[in-house]
Amino acid sequence: MIRETRLLMGMPVTLVIVDTHASHADIEREYLYLEGIDRRFSTYKPTSEISRLNRGELTLAQASDETRLIFALADQTKQETHGYFNIEKDGYIDPSGLVKGWAIQQVANRLAERGFANYMVDIGGDIQTAGHGPSGSAWRLGVQNPFNPREIVKVVQLNDGAIATSGTYIRGQHIYNPYKAGPITDLVSLTVVGRRIYDVDRFATAAFAMAKEGVTFIDRLDGYEAYMIDSAGHGVATRGFIHYEGNDEDH
Amino acid sequence: MPERLKKFALSAVVIGSFFVAYWRTHHADDEALPPVIPTSSPSASVTSLTPPSPTEPTQPSNSPVSDSVPAAPPSQSATPTVSPTSAPTSQGQYRNGTYTGSVADAFYGNVQVKVTIAGGKITNVQFLAYPNDRSTSVRINSLATPQLASQAIQAQSANVDGVSGASATSEAFRQSLASALAQATP
């Protein structure tokens, strides 16, 4: 097994390959790939395509195939989530929320194409797994306590599954809904579990924007489960979430 | 898969033409736009950093860089005990004043906080920059909510291979806060 963590794109990025024929070169190759994605999509690099698009120095037609694909996927997601997922904010386009999940999916696909069957790709706590974990059984992922990052509050067991969490870390931060008086409710964390990280990640983003209705949105969605935590420390799970849960008694 | 790629490619071309037209008409003369800050309020304020019970949300540290990364260490237990903190004592350990933290990169965007100290204690933490990665300018539909069970969260003691949380933004917040507090520490 090879496991490595690096700080990339401002986040811890952990790659694990359990298959015995994995080498450090396989891991290195994926970090280089992610560095390329960061150069293209980071809104904090003035030379990225996104920055140049936003400054009007580049048109979408002149942008790379990859950028145009991201824009097309963003539009598709916006429609599927009834407008809650929107990469355009006040005339400024920021696809970072979608790029993250997409990048994890790309790395997972690349590892599969190289013949690996048991691996984990984790970018800042959004995680795609394949096959089994280092112990030979399911991958075990913790849901972080939004009030204490050193604690976990749920254990999710996955074989070939993905998990992503949207959240505001700060208790008491007010997010206002311009269409309705008063702050959006006190949701601090929303974790979504499903088959593919790309879908899980964008639904986690959209569902979080729906505040406490978000868990309902996921509950009604086939193939996805969610666990929501509010600022009072209450957790609400979708009806099927329990099927993913692992117990303290395991291991 | 190839069928799906064809659909994406076609959508991309169609949507791409739309965006070309959009950019031409709207952005030909625009100046560079700054990163977006939360849309509805000029700044998002946390009026006090008093911790919610039973655990504290942040641990102000005296070093400029946060001493922990919230990624799971390999196969270690996450214990349910509350971590030791270096929170200000009742007589205060910080110099009064207002301190601006460094800009920390959270990938989705920057996080920067401004901390106000009065009576030696943190009395206000204000965001100067916050990643606007979650869309807030949306319409909330009124959906009927099924009665999903609600329970208090509980710490688990378990070995895990990875941890999922809103880590990126929270780490950037801790870094910016730590750098502001480092300036306030005598």
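Before moving on, here are some points about what is shown:
- Candidates in segment A:55-75 are the residues that are more than 21 Å from A:VAL200 (Cα to Cα) and of a type in the set (Gly, Ala, Ser); of these, the one that is farthest from the other protein chains (Cβ to nearest Cβ) is A:SER64.
- Filter result (touching a Pro at 6+ places or on another chain (Cβ under 8 Å) and open to solvent by less than 50 Å² (accessible area, probe 1.4 Å)) within segment A:28-45: A:PHE41, A:THR43
- Taking every residue in segment A:1-17 that is more than 8 Å from chain B (Cβ to nearest Cβ) and pairing it with any residue that is among the hydrophobic types (A, V, I, L, M, F, W, C) and open to solvent by 50 Å² or more (accessible area, probe 1.4 Å), at least 6 positions away or on another chain, the pairs with Cβ-Cβ distances below 9 Å are A:VAL13/A:LEU7; A:ILE17/A:MET1.
- Yes/no for A:PHE147 being over 23 Å from A:PHE241 (Cα atoms), surrounded by 20 or more Cβ atoms within 10 Å (Cβ to Cβ), within 7 Å of chain B (Cβ to nearest Cβ) and in contact (Cβ under 8 Å) with a residue 24 or more places away in the chain: no
- Under the condition of being without any contact (Cβ under 8 Å) to a residue 60 or more places away in the chain, more than 9 Å from chain B (Cβ to nearest Cβ) and either in contact with a Cys (Cβ under 8 Å, 6 or more places away or on another chain) or not in a loop (DSSP other than H, G, I, E, B) (or both), the residues counted in segment A:205-245 number 7.
- Taken over segment A:44-95, the criterion of being of a type outside the set (Val, Ile, Thr) and in contact with a strand residue (DSSP E or B) (Cβ under 7 Å, 6 or more places away or on another chain) is satisfied by A:TYR44, A:LEU53, A:ASN54.
- All positions within segment A:183-200 that are out of contact with any helix residue (DSSP H, G or I) (no Cβ under 9 Å at 6 or more places or on another chain) and either modelled with pLDDT of 80 or more or buried (at least 23 other Cβ atoms within 10 Å of the Cβ) (or both): A:VAL188, A:ARG195
- Yes/no for A:GLU66 being closer than 26 Å to A:LEU15 by Cα, without any contact (Cβ under 8 Å) to a residue 40 or more places away in the chain and surrounded by fewer than 17 Cβ atoms within 10 Å (Cβ to Cβ): yes
- A:ARG239 in contact with a strand residue (DSSP E or B) (Cβ under 9 Å, 6 or more places away or on another chain), over 21 Å from B:GLY162 (Cβ atoms) and modelled with pLDDT of 90 or more: yes
- Subset of segment A:108-129 [more than 9 Å from chain B (Cβ to nearest Cβ), surrounded by 23 or more Cβ atoms within 10 Å (Cβ to Cβ) and aliphatic (A, V, I, L, M)]: A:ALA108, A:LEU111, A:VAL121
- Number of the exception - A:LYS78 against (1) basic (Lys, Arg); (2) more than 8 Å from chain B (Cβ to nearest Cβ); (3) over 21 Å from A:THR205 (Cα atoms): (3)
- Within segment B:141-165, tally of residues that are under 16 Å from A:MET228 (Cα atoms) and at pLDDT below 75: 3
- Qualifying positions in segment A:47-63 - over 14 Å from A:TYR92 (Cβ atoms) and either open to solvent by 60 Å² or more (accessible area, probe 1.4 Å) or of a type in the set (D, E, K, R) (or both): A:THR47, A:GLU49, A:GLU57, A:ALA61, A:GLN62
- The residue that is surrounded by the most Cβ atoms within 10 Å (Cβ to Cβ), counting only those in segment A:130-144 that are in contact (Cβ under 8 Å) with a residue 24 or more places away in the chain and not in a loop (DSSP other than H, G, I, E, B), is A:GLN144.
- Candidate set from segment A:13-26 (those that are of a type in the set (A, V, I, L, M) and surrounded by 18 or more Cβ atoms within 10 Å (Cβ to Cβ)); member that is nearest to B:GLY165 (Cα to Cα): A:VAL13
The values are calculated or read from the model by the stated rules, or taken from the named source; none is laboratory data. All figures in this text were calculated on a predicted structure; none of them were measured in a lab. As a convention, Cβ positions derive from the backbone with ideal geometry for all residues, glycine included, and neighbour counts pool all protein chains shown. Just so you know, the surface numbers come from the protein's heavy atoms only, side chains and all, with ligands and any DNA or RNA stripped out. Shrake-Rupley method; radii C 1.70, N 1.55, O 1.52, S 1.80 Å.
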